[in-house]
Structures are given as C-alpha cells and as structure tokens.
1. Please report, in whole Å³, the volume per residue of the convex hull around the C-alpha atoms of the chain.
2. Just to be sure I understand: of the beta bridges DSSP finds with both ends in the range 1-144, what percent are antiparallel, rounded to 5?
3. Just want the answer: with Cβ charges of +1 for Lys and Arg and -1 for Asp and Glu, which residue in F15, L107, G142 is farthest toward the dipole's positive end in the chain?
4. Roughly how many Å is it from the Cα centre of the range 1-80 to that of the range 195-250, as a whole number?
5. Label E84 and I154 with points 7 Å out from Cα along Cα→Cβ: what is the distance between them in nm?
6. Per-residue counts of other Cβ atoms within 10 Å, averaged by peptide: what ranking do you get for 232-239, 153-160, 125-132, highest first?
7. Along Cα→Cβ, 7 Å out, is where each label goes; now give me the distance between the ones at E93 and T113 in nm to one decimal.
8. By per-residue mean of other Cβ atoms within 10 Å, what is the highest-first order of 201-213, 136-148, 85-97?
Amino acid sequence: MKDILISKAILESFFNKLRDSLELDVAIVGAGPSGLVASYELAKKKVKIAIFEERNTPGGGIWGGGIMFNEVVLEKELEDFLKELDIKYKYVEDYIVVDSTHFASALIYHTTTWGTRIFNSISVEDIAMQNNRVCGVVINWGPVKKLGLHVDPITIKASYVVDGTGHPANVVSLLVKRGLLEKKTEFPMNAEEAEKFVVEKTGEVFPGLLVSGMAVCEVYGGPRMGPIFGGMVLSGRRIAEIITERVNKR
Ligand code: 48F
C-alpha cells in the first residue's frame, strides 16, 4: 500500500533528523528574525545548529509587518545583507522596505539551505543545566503546551542556547523564576534608541545562555521598536560573531 510507504518516509526522515540533533553546538529558541539570522550566519560556518519554534510557522513577528500591513522596514546599511540573500527591496525615502512574506521565507530558505534544522511545532519548556551552566533545552510539542497536557518532555544537549523568543524572553524567564537571574522589563516604544540598545546588549546573560532580538529589551529594560527589523538582523549577526569566536578559541 502506497500510503504506508509515505508514512514510513516521513517517520524515518523525521526521526533521523531529530536523533542527529540530540547534541548540538547551538540551540536557538524561537524562529523570529534574530534567531533566523543568527542561525544563517552560524550554519554558513558549519556550526551544528537547530532552531526550536513552538508555532508551526517559523518567522516570528516578520509575517505581520506593521499592524498586519505585511511590509517590514530596514535601515539602508542592511542593503548588502539583502543582496547577499537575493532579497528584493525598494526604498521609501531613506528606508528600505521589504515584503514581509518574501523576507521571512528568504531567511528560512537560506538558513535551512546552509544546514540549520528548524523544528517547528516544538516548544522549549525548560533548560538543562550542569555545574551552574546552561547546557541544553527541554522540548515538547507546541500543542502539548497549548492544551496543557501532562506529557513529559525530552532533552537536547547544546554548548550554547540562544533565547530568541522575542518580547517575553521566555528562556531567560525560566532562570528568573528560579531566582538564578534578574531581568527588567521592556520600555515603551522608541525605534531609534531600541535598535542601538538591542545590538549593544546582545550577548551572554548567564553561562551558556545568550539573548538576541527583542528578548534583549525585556532582559535589560530597553525600549520596544515596532516593525523596523535592522536591529533584529544585526542582533542575530552579533550572536553568530560571539559564538564563532568562542568555538574558534576552543
Ligand atoms: O518575536 P520574534 O519575531 O523574535 P525576534 O527575533 O524579533 C522581534 C520582531 O519580530 C518584532 C520587533 C522588532 O522589529 O519588535 O517583534 O526578537 O519571534 C520569537 C519566536 O519565538 C517563538 C515564538 O513563537 C516566535 O516565533 N517562541 C516563544 N517562546 C518559545 C518559542 C518557546 N518557549 N519555545 C519555542 N519557541
């Protein structure tokens, strides 16, 4: 029966992918723009990396553009990045504008082409820790979390974990609720300051745990910024720089 061969193809392929991802160099939580860019830059350097995204649609806040007008805005300094990824863009006065569906799908396409595995519909519900260092993520199906089912998770080992979960900083919050870390909260909107703030503060918040994108503002009390995405791209790149430096040192 052909249907059984189809089922077998899916099962074998998925379980091989998951089994091969049990030990990673980098686990990124959240497939928003900062996580996707970080993964793209790291995958190009042959770092073993996977993204865990609790929704079945990677892309995070990109798809919605601004108020569901599906366009995102970037600073002109990002033009070379867009060219590298063959992303189509136009200028409106001094800003670059990109169709958000095109932008999200291009980031997903390029990072997976370089070898990033994106596990969608998988939620990170906890972190693994050894010797006071974050050393992995604890995963479960996204719908298990949504439905509040009592199902035990499994663990993925990673040399570095990145909290790319956006405004709520969900991974950092797991340490905060245990009293292992303190965080502030995101400040009101100020796009100009927020972009600089995010890039400057992107980095390690706890041994083994780095923070990227809007989660940075939640952790350090930076302003929010709305549908401008240059800071997200630069934050993702910064994560890749920091991790590459460390991996090279080792
Ligand atoms: O929020 P999000 O797009 O992250 P980001 O990279 O980008 C922020 C911008 O989209 C925008 C902005 C800046 O211009 O203000 O908001 O900081 O994507 C975060 C992703 O993380 C997923 C969530 O579904 C989303 O796709 N996520 C959140 N918690 C978890 C998670 C979790 N516990 N496990 C897995 N995925």
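1. About 147 Å³ per residue, rounded to a whole number.
2. 70
3. The Cα lying farthest towards the positive end belongs to F15.
4. The range 1-80 and the range 195-250 have Cα centres separated by 18 Å.
5. The modelled label-to-label distance comes out at 3.4 nm.
6. Values: 232-239: 26.1, 153-160: 18.5, 125-132: 14.6.
Per-residue Cβ counts within 10 Å, averaged per peptide and sorted highest first, yield 232-239, 153-160, 125-132.
7. The two pseudo-label positions are separated by 3.4 nm.
8. Details: 201-213: 22.5, 136-148: 16.8, 85-97: 12.6.
Sorting 201-213, 136-148, 85-97 by mean packing, highest first, produces 201-213, 136-148, 85-97.
No lab work stands behind these numbers, since they all come straight from the coordinates. Predicted model, so just to flag it, every value in this text is computed and none were measured. Reconstructed Cβ throughout: ideal geometry from the backbone, glycine too, with neighbour counts over all protein chains shown.
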